[in-house]
Amino acid sequence: MDFEVGAILTGKVTGITKFGAFVTVAPGKSGLVHISEIASTYVSDVHDHLAEGQEVTVKIIGVDKSGRMNLSIKSAPADAPEPVDETRRRPPPPKPQEAAVEPSFEDKLKRFMQDSNNKISGLKSNSDKKGARRRGR
């Protein structure tokens, strides 16, 4: 079996930790899927996405000198059929719609600045009112 960087394999989740999941890809050969390589969205709890015994498609993204494999689920081909596992705790998160257009950085920055200015002006007006009451006006 080929265990080189870039190889696509199917394995079974054998252990879950707070920093990732261990996946066995062959008898006696396993690797770690770091929490940042589980999904393309933010993962706060590995249990939300994976369960022990679940079969997953992984891509080898690194092999160190001692033979330990670094695996990725999010880098595995998206067209590969995802195995169905009834033991999962929660359904997978919905996939983002392709038609949704992401606002540009400039648009996000403009919106942030507007929100920030509104909040600051609200704080200033509140502090002005409090100061006037304390001085007896």
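The values are calculated or read from the model by the stated rules, or taken from the named source; none is laboratory data. Owing to the predicted nature of the structure, the values given are computational and were not obtained by experimental measurement. With ideal geometry, Cβ positions are generated from the backbone for all residues, glycine too; neighbour counts draw on all protein chains shown.
In the stretch 95-105, the count of residues that are exposed (fewer than 15 other Cβ atoms within 10 Å of the Cβ), modelled with pLDDT of 85 or more and of a type outside the set (Lys, Arg) is one or more. Taken as a whole, the condition of being more than 26 Å from Ala7 (Cβ to Cβ), part of a helix (DSSP H, G or I), modelled with pLDDT under 70 and out of contact with any Cys (no Cβ under 9 Å at 6 or more places or on another chain) does not apply to Lys110. When restricted to residues that are surrounded by 17 or more Cβ atoms within 10 Å (Cβ to Cβ), within 9 Å of the chain's Cα centre (by Cα) and part of a loop (DSSP other than H, G, I, E, B), the stretch 33-57 contains 2.
Among the residues of the stretch 44-71, just one is at pLDDT 90 or above, over 16 Å from Lys12 (Cα atoms) and hydrophobic (A, V, I, L, M, F, W, C), namely Ile61. The residues of the stretch 16-29 that are at negative phi and either buried (at least 18 other Cβ atoms within 10 Å of the Cβ) or not in a strand (DSSP E or B) (or both), listed by number, are Ile16, Lys18, Phe19, Ala21, Val23, Val25, Pro27.
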